[in-house]
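First the structure, then my questions, so here it is.
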Amino acid sequence: CCNCTSGSWVMDLCGRPICSNQDVASCALKEIFDSSTCINHLVATGVVALLVFVLMLQLLVKIPNSRVSARQLVSLSSLLHFSTVVFNGCLGLVYLGLGLWMLGTGFNQNASVVYLPHWWLVTLSQGLNLVLASFAFSTRPLFLGAAFVRFWPVLLTICAAFICCSSVVNIVAEKTITIKACSDVLSLPGAVLLLLYGIQHSHDEEGYGGSGNGLYKPLHTETDSEVADSQSQVTPFAKAAFFSKMTFWWLNPLMKMGYEKPLEDKDMPLLGATDRARNLYVMFMEKLNDKKQSPSHPTPSFFWTIVSCHKRAILVSGFFALLKVLSLSTGPILLKEFINVSLGKGAFKYEGYVLAVVIFVCKCCESFSQRQWYFRTRRLGLQVRSLLSVAIYKKRQKLSNAAKMKHSTGEIMNYVTVDAYRIGEFPYWFHQTWTTIVQLCIALAILYNAVGTAMVSSLVVIIITVLCNAPLAKLQHRFQSKLMEAQDVRLKAMSESLVHMKVLKLYAWEAHFKKVIEGLREVEYKWLSAFQLSRAYNSFLFWASPVLVSAVTFLTCYVLKIPLDASNVFTFVATLRLVQDPVRSIPDVIAVVIQAKVAFTRISKFLDAPELNRQVRKKYYVGIEYPLAMNSCSFSWDESTSKPTLKNINLLVKAGEKVAVCGEVGSGKSTLLAAVLGEVPKTRGTVCFS
């Protein structure tokens, strides 16, 4: 640029004045970020030309030295890789075609529009850059090097972000959309795809030990064959890349197999390591033990321990839930803009096309985020359910005798089949609790923009509905607790009846026990009906609230004489439709939260139950003459030292020796065997076992 002495005019390299009586630096910066100016084109062309030069140098040096055929050179390893190469290649061809057309109009004297050299030059350079980049990334990463695959997408993303921002500034300033501007905007998603592929390749390289050699696979020895077979049968989800997980592409092989033939058990893949119950339980116990050793958490909460184990999954699913709510909330706003365009109140010429594209993108984003939200929360629920099932099973093996009296076999079965299932369903509904509030707040803001102060009446109706539901939620919690207690009693009676069925048949007690179980069923039915009636009232209240909101709002508009036209009426109706589903799902959310709270309280109480004292027996080591030895031992079922069940027991059993325990009924034979197994608390003496 050249500057006059007076400082009043600054000329760009194309000979056009760019500022007058203004700060030169601010004017130059404004020109750099406007894609219609010569300075912007020169900056973009210079940066892109540098990238093209380095890329061509890389290709000319690396590929001839590889000495491989074209078939070995090109490899599209995943759906993300294929999409990246195809998208950027097609976009580069569009740039090249557009640049050649601009060049042709420059030499055509009869053309209505003549483009200056810097226009077709920047377009051709961008097209050449994208075509070369797509070709480079279609080759195997081995030829170009791991560092190139990692860092080159970052440079392309920065360059594409500058070009995209410049075009957006020009679109907003000129209020027109051209093919060049659309291509500039699309260059940023293409660069982001390249960046994602680079990240995926980095993760894959770390998974293979950092070798970065995509042509060679590690050799398997005979001892590794079984491990290799088991790893090959693991679900594709465990090895799927980011893009495959986002689009559920990993399901295609299983669906294709199911289309060709009925699926069998051998066709079902194994779970990944992160989804297996054993690994989840080990991770849970490690977190729990770490918190127990911490002085700030002497008695850690099982709930917060589970949350800390799965906090990443909770946050990611919450992000998709928020994204779904935000994309869904754009509907009424875009509808209002569509109506304004139809009434001739558009902001720029092609606003209708832009709105159509934005609606399509928002709906795709809504569908994408909703599928990810549902899938991830369902998977998290299954992980929590399997974790709790293993924890309950392990706890059952270590329960003390006093705890076994409080938690019968029927109750423990109920913990696994009912309580763990309800807690597993809770993650799916957890995000509904706060997304409903966020969606209602956004809807109220849209209503205020549409009908003004009449929105207050809608807010009042919603608040009254929630206040009327508060005491009902407490009743539901009480009814659910009573229902679970009644169900435990019934299951306990049924399990005991089935275990001792021979005695019932022998003494002909079937009719009596049938009446007892039917009476317990009546008690359970009473609490179940009370819970369902309260839930039905709750559902009716919330299902009627959208109708009340619309009626009260329109009545308020009539009283306050707020003008209603097509724009605000359609926006208001669309917003009510938007909040209808979350409001109607509130009763289900409340019921699930209450059920999960009751279930978690019961399972936490069971997991906190006292265990057998494993330290009362000493471990037997090889070489000792007596694998089982009791020296002056006393045992008591109720852990009372004053009234021991067995006292002064001395027993020595050699290895391979057969021992018979004889005695009359009630003399303590079963108690002695239980003491050997460590199921009876020892109050005195020493026990050694093998």
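The values are calculated or read from the model by the stated rules, or taken from the named source; none is laboratory data. Computed from a predicted model, the values in this text were never measured in an experiment. So basically every Cβ, Gly included, is an ideal-geometry build from the backbone, and we count neighbours across all protein chains shown. Side chains included, ligands, DNA and RNA excluded: accessible areas come from the protein's heavy atoms. Shrake-Rupley method; radii C 1.70, N 1.55, O 1.52, S 1.80 Å.
Condition first: closer than 19 Å to L380 by Cβ and surrounded by 14 or more Cβ atoms within 10 Å (Cβ to Cβ). Now tell me which residues in segment 264-280 satisfy that. Can you show your working first?
The first filter runs over segment 264-280 and keeps only residues closer than 19 Å to L380 by Cβ, leaving 271-280.
Hits for segment 264-280 are L271, G272, D275, R276, A277, N279, L280.
Conditions tested, residue by residue: (1) without any contact (Cβ under 8 Å) to a residue 40 or more places away in the chain; (2) more than 30 Å from V325 (Cβ to Cβ).
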| residue | (1), (2) |
| --- | --- |
| K394 | no, yes |
| A403 | no, yes |
| K406 | no, yes |
| V416 | yes, yes |
| A420 | no, no |
| T435 | no, no |
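Do you know which of the residues in segment 31-75 that are modelled with pLDDT of 65 or more and of a type in the set (G, A, S) is surrounded by the most Cβ atoms within 10 Å (Cβ to Cβ)?
It comes out as S35.
Take the residues in segment 664-679 that are surrounded by fewer than 16 Cβ atoms within 10 Å (Cβ to Cβ) and of a type in the set (A, V, I, L, M, F, W, C), then tell me which one is modelled with the highest pLDDT.
L673
Moving on to the next point. Filtering segment 76-107 down to residues that are at pLDDT below 80 and more than 25 Å from F248 (Cβ to Cβ), which residue is most open to solvent (accessible area, probe 1.4 Å)?
F107
Hey, among the residues in segment 542-552 that are open to solvent by less than 80 Å² (accessible area, probe 1.4 Å) and without any contact (Cβ under 8 Å) to a residue 12 or more places away in the chain, which one's nearest to the chain's Cα centre (by Cα)?
A544
Any residue in segment 579-591 that is modelled with pLDDT of 85 or more, open to solvent by less than 90 Å² (accessible area, probe 1.4 Å) and of a type in the set (V, I, T)?
no
Separate question: Does segment 502-509 include one or more residues that are touching a helix residue (DSSP H, G or I) at 6+ places or on another chain (Cβ under 9 Å), without any contact (Cβ under 8 Å) to a residue 12 or more places away in the chain, not assigned by the TED database to the domain that holds D588 and not in a helix (DSSP H, G or I)?
yes
Right, another one. Do we have M501 as at pLDDT 80 or above, closer than 27 Å to S529 by Cβ and aliphatic (A, V, I, L, M) here?
no
Additional query: Report the residue count in segment 162-193 for those that are more than 18 Å from L124 (Cα to Cα) and not β-branched (V, I, T). So that I can check it myself, show each step before the final result.
Applying the first criterion (more than 18 Å from L124 (Cα to Cα)) to segment 162-193 yields 165, 168-177, 189, 192-193.
Then keep just the ones that are not β-branched (V, I, T); that gives 165, 170, 173-175, 189, 193.
Looking only at that region, the number is 7.
Within segment 182-194, how many residues are surrounded by fewer than 20 Cβ atoms within 10 Å (Cβ to Cβ) and farther than 15 Å from Y95 by Cα?
Of the residues in segment 182-194, 2 are surrounded by fewer than 20 Cβ atoms within 10 Å (Cβ to Cβ) and farther than 15 Å from Y95 by Cα.
Residue under question is M484, and the condition is that it be under 32 Å from the mean Cα position of the chain (by Cα) and either among the acidic types (D, E) or under 25 Å from H407 (Cα atoms) (or both); does it hold? Break it down stepwise before answering.
On the way: under 32 Å from the mean Cα position of the chain (by Cα): yes; either among the acidic types (D, E) or under 25 Å from H407 (Cα atoms) (or both): yes.
Answer is yes for this residue.
Listed here are the residues, each with its yes/no results for (1) in a helix (DSSP H, G or I); (2) touching a residue at least 60 places away in the same chain (Cβ under 8 Å); (3) surrounded by fewer than 17 Cβ atoms within 10 Å (Cβ to Cβ).
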{"position": "P253", "(1), (2), (3)": "yes, no, yes"}
{"position": "P262", "(1), (2), (3)": "no, no, yes"}
{"position": "V282", "(1), (2), (3)": "yes, no, yes"}
{"position": "V325", "(1), (2), (3)": "yes, yes, no"}
{"position": "T330", "(1), (2), (3)": "yes, no, no"}
{"position": "F338", "(1), (2), (3)": "yes, no, no"}
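Which pairs have Cβ atoms under 7 Å, sit 6 or more apart or on different chains, and link a residue in segment 157-180 that is without any contact (Cβ under 8 Å) to a residue 12 or more places away in the chain and charged (D, E, K, R) to one that is part of a helix (DSSP H, G or I) and surrounded by fewer than 19 Cβ atoms within 10 Å (Cβ to Cβ)?
none
Given the options S367, S308, S317, name the one that is in contact with a Lys or Arg (Cβ under 7 Å, 6 or more places away or on another chain), under 22 Å from A240 (Cα atoms) and not assigned by the TED database to the domain that holds T176.
Just a single option satisfies the conditions, and that option is S317.
Go through (1) in contact (Cβ under 8 Å) with a residue 60 or more places away in the chain; (2) farther than 20 Å from L288 by Cα; (3) surrounded by 20 or more Cβ atoms within 10 Å (Cβ to Cβ) for V384 and report which single condition fails.
Result: V384 passes all but (2).
Give all pairs with beta carbons closer than 7 Å in which a residue from segment 553-578 that is assigned to a helix (DSSP H, G or I) meets a residue that is among the basic types (K, R) and open to solvent by 20 Å² or more (accessible area, probe 1.4 Å); count only pairs at least 6 apart in sequence or on separate chains.
Within 7 Å, the pairs are S567/K336; T571/K336.
Here is a further query. Name the one entry in F426, F375 that is surrounded by fewer than 19 Cβ atoms within 10 Å (Cβ to Cβ), within 25 Å of the chain's Cα centre (by Cα) and at pLDDT 80 or above. Step through it out loud before you land on a result.
Details: F426 fails: surrounded by fewer than 19 Cβ atoms within 10 Å (Cβ to Cβ).
Only one candidate passes the filter, namely F375.
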